[in-house]
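*Asks:* Below is a structure I'd like to ask you about.
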């Protein structure tokens, strides 16, 4: 089947259109459903933060530093840099005897305009704690401290922190990441490893089902996914798609976005993991696609829930006067 | 020839890719060069603000209210809502005895994050004067006042202001806009009319050459295009692509962006108009494409200028730490 087609309409006509690859895979790696070339290598970016956080739990650092659902959700977050996110990141660092200056993720203004404007109005300039990846980096630093490793340079590909992350991604995806497949540098300075899109869906199916991974990894993966499902706001933020996707089916669906139009997730009750890539990298395309994809996967199982995702896959477009002028929708599903 | 392909790379691999339709047409309507389906109807959005401003000049309103290059550039602008833009829009309205409250374009925060943050830091909330279309709307209102028309409701499709705009677009493009072709409502509440992409290139070729239009329209079009080329900052703003494109060849190239990945423009010395549409609506794709397209058109004529546009078609991508992690580039040209 060809890619998903995401249409952006105006006055009833299609003004712009996106293509997205979508795949759902079970814990054995069998493709349950696919649209487009699901074997294509893609950079998963932040959509695999749960995989990147596995060593935090497996090493025992999460327990030593008292991580509950809130802290684990933040460790898997691409958060919006709201006060609650930045404050918790700073608190986590404090538990390991570290501070904002130990982060190596860099500073950026929150991507969400209202959040950024709120900071500016209060005369606050963002610190590294506001970086959408500060929770993940705080987790990296806690792991390094717990294991007695040098923290400086923890973002480098050869640092033990990043080697453990690469190994976790390689094991869960079953793909030769960082060797035969392309690698790059992510926005927050750590390595990002490309792999076939279907292999990321496979990784989340394994973690969702606790099959195909060692018991310790199964427990860690399940704990991280449950933390995200129970604290979606800490994993994302106000008005964010990940929150709407997870609040539509509390405790039943995990979904995490990544830059350049990626989503990864799991529907444990179906035994499936899924992955989405908008070919042009557009967030509006990946957000519509993931909701439509969840509707398709869930329809035979729970029609009412499928309807909720179907509704989330359509997004009205309004002009500055508030008039609806078009919509974003997924066509031909 | 197939569409332009715009690649977004990371670590040497292509992470995301866009497709764009590009066409160059002479004043007789002959296609000089095209990539992709140039007959496809597209909404030009703000890329045709020069066409929308023709009645302002032709009616005599521009002269009565003392419009020079600065005011005319703002009347054709999708400006960034910087102080110089908002202040001039307010001044223009004052000349017609009107004010911000007479605008019907709606309010929005400047799209450019640094500009928006600067307003917020100063405790300023944007007014309709900050709307990127406030110059165009001020021109609409001046025309209505000059012609003794009711100003209220000037954004409506049946108001004389918008009927004149539609007629100007239909005449210059030669397309049956608003009848056989789709129409929609733009972000600023006025109608937007779809037409084949090549017909917009044709319109700008005609205005650039002063051929195929009545002498009065030729003069008005030339005056508007020259105003934009002489005051590119007022037509756009700080850090904006339109400014870089026009400053690369002062007085020789006109280029104007529109929402959803559109560019229109003219290279009068080549006798050509051009138009670009990124199929997915991405600005990063249309900005790279228009620079690459200008490089292709100008190479046989001025290799040094073509090199400058070639350089503008490539855009390095950096992470928050400032490290280059990839680039946006146009492939296969």
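The values are calculated or read from the model by the stated rules, or taken from the named source; none is laboratory data. Predicted model, so just to flag it, every value in this text is computed and none were measured. Heads up, the Cβs are rebuilt from the backbone with ideal geometry, glycines too, and the neighbour counts pull from every protein chain shown.
*Asks:* Identify, please: which residue in segment A:119-153 is under 25 Å from the mean Cα position of the chain (by Cα) and not in a helix (DSSP H, G or I) and is, among those, nearest to residue B:123 (Cα to Cα)?
*Replies:* A:126
*Asks:* So, in segment B:101-118, of the ones that are facing another protein chain (nearest Cβ under 8 Å) and in a loop (DSSP other than H, G, I, E, B), which residue ends up surrounded by the most Cβ atoms within 10 Å (Cβ to Cβ)?
*Replies:* Within segment B:101-118, the match that is surrounded by the most Cβ atoms within 10 Å (Cβ to Cβ) is B:105.
*Asks:* So which residues in segment A:250-259 are within 14 Å of chain B (Cβ to nearest Cβ), touching a strand residue (DSSP E or B) at 6+ places or on another chain (Cβ under 8 Å) and either surrounded by fewer than 24 Cβ atoms within 10 Å (Cβ to Cβ) or modelled with pLDDT under 95 (or both)?
*Replies:* Step one: filter segment A:250-259 for residues within 14 Å of chain B (Cβ to nearest Cβ), giving A:258-259.
If we keep only those that are touching a strand residue (DSSP E or B) at 6+ places or on another chain (Cβ under 8 Å) as well, we get A:258.
If the condition is that a residue be within 14 Å of chain B (Cβ to nearest Cβ), touching a strand residue (DSSP E or B) at 6+ places or on another chain (Cβ under 8 Å) and either surrounded by fewer than 24 Cβ atoms within 10 Å (Cβ to Cβ) or modelled with pLDDT under 95 (or both), then no residue fits.
*Asks:* A follow-up question, please. How many residues are in contact with a helix residue (DSSP H, G or I) (Cβ under 7 Å, 6 or more places away or on another chain) and assigned to a helix (DSSP H, G or I) when one looks only at segment B:204-214?
*Replies:* Going through segment B:204-214, the residues in contact with a helix residue (DSSP H, G or I) (Cβ under 7 Å, 6 or more places away or on another chain) turn out to be B:206-210, B:212-213.
From what is left, the residues that are assigned to a helix (DSSP H, G or I) are B:206-209.
Residues that pass the stated criteria total 4.
*Asks:* Condition first: surrounded by fewer than 22 Cβ atoms within 10 Å (Cβ to Cβ) and either within 14 Å of chain B (Cβ to nearest Cβ) or touching a strand residue (DSSP E or B) at 6+ places or on another chain (Cβ under 7 Å) (or both). Now tell me which residues in segment A:26-37 satisfy that.
*Replies:* Within segment A:26-37, A:26, A:31, A:32, A:33, A:34, A:36, A:37 qualify.
*Asks:* What tally of residues in segment B:39-50 results from selecting those that are away from chain A (no Cβ under 11 Å) and surrounded by 22 or more Cβ atoms within 10 Å (Cβ to Cβ)?
*Replies:* Number of matching residues: 5.
*Asks:* For residue B:278, all conditions in the list (1) more than 14 Å from chain A (Cβ to nearest Cβ); (2) in contact with a helix residue (DSSP H, G or I) (Cβ under 6 Å, 6 or more places away or on another chain) hold save one; what is the number of the exception?
*Replies:* So the condition that residue B:278 fails would be (1).
Quick grid of which residues meet (1) in a helix (DSSP H, G or I); (2) under 21 Å from residue B:26 (Cβ atoms):
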residue: B:274; (1), (2): no, yes
residue: B:277; (1), (2): no, yes
residue: B:287; (1), (2): yes, no
residue: B:294; (1), (2): yes, yes
residue: B:301; (1), (2): no, yes
residue: B:304; (1), (2): yes, no
residue: B:307; (1), (2): yes, no
residue: B:310; (1), (2): yes, no
residue: B:328; (1), (2): no, no
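*Asks:* Within segment A:12-25, take every residue that is modelled with pLDDT of 95 or more and facing chain B (nearest Cβ under 7 Å) and give me the one that is nearest to residue A:277 (Cα to Cα).
*Replies:* So the first thing to find is which residues in segment A:12-25 are modelled with pLDDT of 95 or more, and the list is A:13-25.
So of that shortlist, the ones also facing chain B (nearest Cβ under 7 Å) come out as A:13, A:15-18.
Working: A:13: 25, A:15: 21, A:16: 17, A:17: 14, A:18: 11 Å.
Among those residues, the one meeting the criterion is A:18.
*Asks:* Could you tell me how many of the residues in segment A:232-241 are surrounded by 24 or more Cβ atoms within 10 Å (Cβ to Cβ) and either more than 13 Å from the chain's Cα centre (by Cα) or outside any loop (DSSP other than H, G, I, E, B) (or both)?
*Replies:* Within segment A:232-241, the subset surrounded by 24 or more Cβ atoms within 10 Å (Cβ to Cβ) is A:234-236.
Add one more test, that the residue is either more than 13 Å from the chain's Cα centre (by Cα) or outside any loop (DSSP other than H, G, I, E, B) (or both), and what stays is A:234-235.
Within segment A:232-241, residues that are surrounded by 24 or more Cβ atoms within 10 Å (Cβ to Cβ) and either more than 13 Å from the chain's Cα centre (by Cα) or outside any loop (DSSP other than H, G, I, E, B) (or both) number 2.
Listed here are the residues, each with its yes/no results for (1) assigned to a helix (DSSP H, G or I); (2) more than 18 Å from residue B:139 (Cβ to Cβ); (3) touching a residue at least 60 places away in the same chain (Cβ under 8 Å).
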{"residue": "B:198", "(1), (2), (3)": "yes, yes, yes"}
{"residue": "B:202", "(1), (2), (3)": "yes, yes, yes"}
{"residue": "B:216", "(1), (2), (3)": "yes, no, yes"}
{"residue": "B:220", "(1), (2), (3)": "yes, no, yes"}
{"residue": "B:224", "(1), (2), (3)": "yes, no, yes"}
{"residue": "B:244", "(1), (2), (3)": "yes, yes, yes"}
{"residue": "B:255", "(1), (2), (3)": "no, yes, no"}
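*Asks:* Would you mind finding the one in B:189, B:157, B:170 that is at pLDDT 95 or above and either outside any loop (DSSP other than H, G, I, E, B) or under 18 Å from residue B:71 (Cβ atoms) (or both)?
*Replies:* Working: B:189 fails: either outside any loop (DSSP other than H, G, I, E, B) or under 18 Å from residue B:71 (Cβ atoms) (or both); B:157 fails: either outside any loop (DSSP other than H, G, I, E, B) or under 18 Å from residue B:71 (Cβ atoms) (or both).
The unique qualifying residue is B:170.
*Asks:* Still on this structure, I have one more. Kindly evaluate residue B:181 against the criterion of being within 14 Å of chain A (Cβ to nearest Cβ), surrounded by fewer than 21 Cβ atoms within 10 Å (Cβ to Cβ) and part of a helix (DSSP H, G or I).
*Replies:* Details: within 14 Å of chain A (Cβ to nearest Cβ): yes; surrounded by fewer than 21 Cβ atoms within 10 Å (Cβ to Cβ): yes; part of a helix (DSSP H, G or I): no.
It is false that residue B:181 is within 14 Å of chain A (Cβ to nearest Cβ), surrounded by fewer than 21 Cβ atoms within 10 Å (Cβ to Cβ) and part of a helix (DSSP H, G or I).
*Asks:* Since residue B:144 meets every condition but one in (1) more than 14 Å from chain A (Cβ to nearest Cβ); (2) surrounded by fewer than 22 Cβ atoms within 10 Å (Cβ to Cβ); (3) without any contact (Cβ under 8 Å) to a residue 60 or more places away in the chain, which condition does it not meet?
*Replies:* (2)
*Asks:* Out of the residues in segment B:312-326 that are assigned to a loop (DSSP other than H, G, I, E, B) and more than 10 Å from chain A (Cβ to nearest Cβ), state the one that is farthest from the chain's Cα centre (by Cα).
*Replies:* Step one: filter segment B:312-326 for residues assigned to a loop (DSSP other than H, G, I, E, B), giving B:313-314, B:319-323.
Those still in the list that are more than 10 Å from chain A (Cβ to nearest Cβ) too: B:313-314.
On the way: B:313: 18, B:314: 21 Å.
Within segment B:312-326, the match that is farthest from the chain's Cα centre (by Cα) is B:314.
*Asks:* What residue, of A:176, A:160, is surrounded by fewer than 20 Cβ atoms within 10 Å (Cβ to Cβ), out of contact with any helix residue (DSSP H, G or I) (no Cβ under 6 Å at 6 or more places or on another chain), closer than 20 Å to residue A:61 by Cα and away from chain B (no Cβ under 14 Å)?
*Replies:* Working: A:176 fails: closer than 20 Å to residue A:61 by Cα.
Residue meeting the stated conditions: A:160.
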